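Peer 1: Here it is: the structure, laid out below.
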Amino acid sequence: LPLRSRVRVCPGPGTMGILEKISEIEREIARTQKNKATEYHLGLLKAKLAKYRSQLLEPTGKAAAAKGEGFDVMKSGDARVALIGFPSVGKSTLLSKVTKTHSECASYEFTTLTCIPGVLEYKGANIQLLDLPGIIEGAAQGKGRGRQVIAVARTADIILLMVDASKGERQKALLQAELESVGIRLNKRKPNIYFKVKKTGGLSFIATCPLTHVDEKLVQMILHEYKIFNAEVLFREDCTADELIDVICGNRVYLHCIYVYNKADCISLEEVDRLAHQQHSVVTSLELNLNLDYLIEEIWEHLALVRIYTKKPGCRPEFGDGHAVILRRGATIEHVMVLMTR
């Protein structure tokens, strides 16, 4: 009788998961010294890292076809604000105090399990606040409900990053890293780089200012990593390789962010003073209702909303609440007319 042999197939390097590839590249970047000799190597590693992270966010095949439970919240009002933070930092308490919506609050973690919307009425504007479930470290890689939270955060106009004042710096750094890894840039503006893919002609590289972080060779190597061989690249400012990768990917979101340090009653006055003087920061205690008015005013300022009052010929304008047209700062007469004729 013929012998039947069993062959065990060992997984090769090509079957390594995206998460393992990301971890390996992050370790390689961490152990690589940053100097002139390694800038090309680091640039390539950063390009690969951004590419794998994009694949992680937008899976293909069966993963894309699979329907997961998400947060289906219709965007309403004049602006949208997302509350993001670790569990039990006061997001639900803030929503309950500044809106008419009740969000379950408790002393244990993961009280909020889905997205709870509320409306903040301020200066005639209706601002939608979203109380999102607390995220954990590794949320960008799908841990907890991280992907759903991040997907909603990308649709917001500004983000309130809530942290425990006693753990502020550590929590702030972790949350920033999670959002950065999924293409959300906080309190940054879009790099002034013109980029266009062409069909032929190779690479056209132009810089209108001295560049200290990249050169033509590094730009070409990064583009080749994305299988781009014909493109036009124009630097109008001194940008880094990371900023160039952001422009190439084209899916980055640039959002204003307010860092809210809650539980200020648990830290010293010196620490309160230090945190309060940091940029884009508000120190508050929701338990004692401290500094809530200032936080709401900061939300208004960061949204850059303006109130426009109209009047009928021969009549006085009505300046009461509910009579203003709410638009973003920098809006034109055309924007007003479009909004009024809807």
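The values are calculated or read from the model by the stated rules, or taken from the named source; none is laboratory data. Note that the structure is predicted; figures quoted are calculated from it, not measured. Cβ coordinates were reconstructed from backbone atoms using ideal geometry, including for glycine residues, and neighbour counts include every protein chain displayed. Calculation scope for accessible area: heavy atoms of the full protein, side chains included, ligands and nucleic acids excluded. Shrake-Rupley method; radii C 1.70, N 1.55, O 1.52, S 1.80 Å.
Peer 1: How much accessible surface area, in Å² rounded to 10, belongs to the heavy atoms of residue 307 with a 1.4 Å probe?
Peer 2: Accessible area of residue 307: about 100 Å².
Peer 1: Give the ranking of 188, 100 by solvent-accessible surface, highest area first, calculated with a 1.4 Å probe.
Peer 2: On the way: 188 110, 100 185 Å².
Reading off the accessible areas and sorting them downward yields 100, 188.
Peer 1: Students often forget the sequence filter, so: which aspartates and glutamates lie under 15 Å Cα-Cα from residue 311 once same-chain residues fewer than 8 apart are removed?
Peer 2: In chain and number order, the partners are 321.
Peer 1: With a 1.4 Å probe and every protein chain left in place, tell me how much accessible area residue 76 has, in Å² to the nearest 10.
Peer 2: Ignoring ligands and nucleic acids, residue 76 comes out at about 50 Å².
Peer 1: How big is the C-alpha Rg of region 234-322 next to the rule-of-thumb value 2.2 N^0.38 Å, as a ratio?
Peer 2: Details: Rg = 20.8 Å, N = 89, 2.2 N^0.38 = 12.1 Å.
In units of the 2.2 N^0.38 Å rule of thumb, it is 1.71.
Peer 1: Among the listed pairs 198/227; 46/167; 51/167; 100/188; 75/97, which are separated by more than 24 Å between their Cα atoms? Each step should come with its number before you reach the end.
Peer 2: Working: 198/227 12 Å; 46/167 30 Å; 51/167 32 Å; 100/188 32 Å; 75/97 21 Å.
From 198/227; 46/167; 51/167; 100/188; 75/97, over 24 Å: 46/167; 51/167; 100/188.
Peer 1: Keeping all protein chains in the complex and leaving out DNA, RNA and ligands, what accessible area do you get for residue 213 with a 1.4 Å probe, in Å² to the nearest 10?
Peer 2: Accessible area of residue 213: about 90 Å².
Peer 1: Could you give the nm distance between label points at residue 224 and residue 342, where each point is 7 Å from its Cα heading toward the beta carbon?
Peer 2: The two pseudo-label positions are separated by 4.9 nm.
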